[in-house]
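Each remark here refers to the structure printed beneath this line.
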Amino acid sequence: MRAEIITHRTRLSPTSLLLLLAVLASGALVAALSIGSGQAGPADLIDVLRDAADPTTRDVVLKLRLPRALAAFGTGATLALAGVLMQVLLRNPLADPYILGTSGGAAAAALLVMLTGAGAILVDLAAFAGALGSTLLVFLIARYNGNWAPGRLLLTGVVIAAGWGAVISLIMAMAPESNVRGLLFWLMGDFSFAGNPAPSLIAAGVAVAVGLMLARSLNVLATGDQQATLLGLRVRPIRIAIYLLSAILTAVAVTTAGTVGFVGLVIPHLVRLLGGADHRVLIPNAALAGGTLLVIADTLARSVLAPRQLPVGAITAVIGVPLFLFLLGRTLGSRDQAG
């Protein structure tokens, strides 16, 4: 009882949490447009908004920084939403968008196409196809007697992910040295070539809408398949829909920026701590928080050692590891006090 009171006191009302995250997201986007290795700063951003900036500054803000910031926001939102769905699907708090090998399939396919010297469009198509192909492979292997038990899905995904990791290591070992740096940056997350934010933003928007429509079903499904069946929920179609939606979200994210870790793992836990586990609250707030985190991470990645850029995945790991340990400590501390 005491743990429930402590947890309840840390929570915000749905409206307050949504407003807080919206303000943070707006601030992160403004910072992303104002900070960089170029000359355009906060004062120049105001001139751009007033249409009083010189053409060069205007191009830096609107044609370079804005698309990249929006792509980062959309990618973060898709990863956070995929994490929420995966944790419901597998009923495992450590589940993240990459746990079922989706990112490994995308990375292996994309790296192979990159080595051929193909253009960005073919690389994106290969990554998307690899992600969905790996998802389908896990889905087919894990099927047993017409069912997809969470344990079988998880174990199959871990094995497939390990297999893709071996394939990626072989590709990196055989790749020409001149290509290795670019391949590594893509594997660790890179928004340098994410010029079109539309796919990730559209995917995130559609996922939020679909997730809100399924929110009540997700709340029931989180209690377990047996309990959900007793309450009249058609478990199998819902599970298939969740699996496909999370796979598509992960594929879009990997196609946009490569592999960016910790967003889909940490953000759902953080939002649950602040706003509770109701998916009607969790889904939109996770999208805002995930997008905000990745915008901040990308801004740091391109400005800390400017003009050199750091991989975004390394920044999210630096932020995500202590944040996850903090959340874990809060959870364990509450349980100890309850005992």
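Nothing in this text is a laboratory measurement; each read-out follows from the coordinates by a stated rule. The shown structure was predicted, so the numbers you read here are calculated from the model rather than taken from an experiment.
Here the Gaussian network model covers the chain, with springs between Cα atoms less than 10 Å apart; of A53, A77, A286, A53 fluctuates the most. Extension gain, F326-L155: 0.36 nm per intervening residue step, less the Cα-Cα distance, totals 58.8 nm. For the chain, the membrane-span-like helices by this rule, meaning whole DSSP H stretches whose C-alpha atoms cover at least 15 Å of axis and whose Kyte-Doolittle mean is -1.0 or above, are 14-34, 66-90, 102-115, 120-142, 150-174, 177-187, 198-213, 235-257, 263-275, 279-303, 312-338; this says nothing about an actual membrane.
Volume per residue of the convex hull around the Cα atoms, evaluated for the chain, comes out as 147 Å³. Binning all Cα-Cα separations of region 8-147 at 5 Å, short to long from zero, yields these whole-percent fractions: 2, 8, 11, 13, 13, 13, 13, 12, 9, 4, 2, 1, 0, 0. Separation of region 211-246 from region 49-81 is 37 Å, based on Cα centroids. Only Cα pairs under 8 Å and 6+ residues apart enter the sum, and on that basis the relative contact order of the chain stands at 32 percent. Extension gain for the segment L184 to A162, taken as residue separation times 0.36 nm less the Cα-Cα distance, is 6.1 nm to one decimal.
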